[in-house]
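Asker: Encoded as structure tokens, here's the structure I'll be asking about.
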Amino acid sequence: MRDRLAFALDYPTLAEASAGAAQVAELVGVLKVGLELFVAEGPAAVKLGAQLGSRIFLDLKLHDIPETVERAVATAGQLGASYLTLHGAGGPRMLQAAAERADREGAGLKLLAVTVLTSLDASDLQAVGVSAPPAEQVLRLGKLARSVGIHGLVCSTAEVAALRQALGPEAILVTPGIRPAGAAVGDQKRVGTPASALRDGSSLLVVGRPIRDAADPVAAARSILTEMSGALATPA
Ligand code: C5P
């Protein structure tokens, strides 16, 4: 289960991220480095993974011309990241160039496409010229990404069951927006429990505040793992 739980290192400095990650690294197989930490600390944040024995999920949501993205993919692989995000809206050539480069580098880097940000609703999509409803656009970009070799997707817990069905067992489906029963929802609009996300087909759960802000982060991580194990041991 440890390999299927990612802790979001949403901290402003390496010192805080390192202290937060060290507490739970034994229980959490993946550490997610997002824009805040990467802009502040760069590759040193990625090196935390090797130091703590966890894999690094570099959440940079790349979106640029194919060559620029491809080169960033190569660098992320060399740094030792295990997962890297990029925008499905970057289009087929960007996605394919990135996927081919990740596979060619042979560092085991897995690319995850972001489809429609959960902060966007139908009217936001219309404002940028996308007339399809969000759920349809998620599916379109998900299928596109997979068709050109992208390994998986980041998606909401509300979307994961439909995506698993549409994309099959091989796709890596990563779900943030996880809240154990009783945890504060914060600014997340739609949340799923660890058990429901796994049962709906999530490959990897991303959890931030329910661990980071817990009075006892180790106990919080442990109870999430217990809930995950229980979900897979018993039918829904
Ligand atoms: O604190 P919380 O558990 O909500 O953290 C979730 C993490 O996943 C954060 O790093 C957040 O940026 C990220 N994320 C998200 N929802 C998305 C995509 C990414 O919450 N749709």
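FYI, it's all coordinate maths here, none of it is from the lab. Note that the structure is a prediction, hence the values are computed from the model and not measured. Quick reminder, even Gly has a Cβ in these numbers, built from the backbone with ideal geometry, and neighbours come from all protein chains shown.
Asker: Just the number: Rg to Rh for the stretch 109-236, Cα atoms, Kirkwood Rh, two decimals.
Answerer: Ratio of gyration radius to Kirkwood radius for the stretch 109-236: 1.00.
Asker: Next question, about the same structure. Please list, by residue number, everything in the stretch 56-73 whose backbone N is under 19 Å from a paramagnetic label point 7 Å out along Cα→Cβ of Ser119.
Answerer: Those under the cut-off are 58-64.
Asker: Let me ask something additional. At most 16 other Cβ atoms within 10 Å and a DSSP loop assignment: could you name the trypsin sites (Lys or Arg not before Pro) in the stretch 120-196 that fit? If you can, show how the numbers build up before the last one.
Answerer: On the way: sites: Arg140, Lys143, Arg146, Arg164, Lys189, Arg190; in loops: Lys189, Arg190.
Answer in residue order: Lys189, Arg190.
Asker: When a/c reaches 1.5 or more, the comparison of a/b and b/c decides; with that in mind, is the stretch 174-236 rounded, prolate or oblate per its Cα gyration tensor?
Answerer: It comes out oblate by the Cα gyration axes.
Asker: Tell me whether the stretch 59-132 comes out rounded, prolate or oblate; compute the Cα gyration tensor, take square roots of the eigenvalues as a ≥ b ≥ c, and use a/c under 1.5 as the rounded threshold.
Answerer: Prolate shape, in that a/c is at least 1.5 and a/b is the bigger ratio.
Asker: Right, another one. Quick check: from the Cα gyration tensor, does the chain come out rounded (a/c under 1.5), prolate or oblate?
Answerer: oblate
Asker: Rank Ala166, Leu9, Gly34 by how far each Cα sits towards the positive end of the charge dipole of the chain (+1 on Lys, Arg Cβ; -1 on Asp, Glu Cβ) and give me just the farthest.
Answerer: So the residue furthest toward the plus end is Ala166.
Asker: Would you mind calculating the gained length between Ala15 and Ser147 on full extension (0.36 nm times residue separation, minus the Cα-Cα distance), in nm to one decimal?
Answerer: Additional length available on full extension: 43.5 nm.
Asker: Quick one: if you stick a label point 7 Å off each Cα along the C-beta vector at Ala166 and Ala184, how many nm between them?
Answerer: Between Ala166 and Ala184, the label points sit 3.4 nm apart.
Asker: Another question, if that's okay. For the chain, calculate the relative contact order in percent as a whole number, restricting contacts to Cα pairs under 8 Å that are 6 or more residues apart.
Answerer: Reported as a whole number, the value is 18 percent.
Asker: If amide hydrogens are placed 1.01 Å from N in the peptide plane, which non-local residues have theirs closer than 5 Å to the one on Leu31?
Answerer: Residues meeting the criterion, in which the H sits 1.01 Å from N, are Phe7, Arg55, Ile56, Phe57.
Asker: Among Ile172, Ile150, which comes first, then next, by fewest other beta-carbon atoms within 10 Å? Working shown, then result.
Answerer: On the way: Ile172 17, Ile150 24.
Going from least to most buried by this count: Ile172, Ile150.
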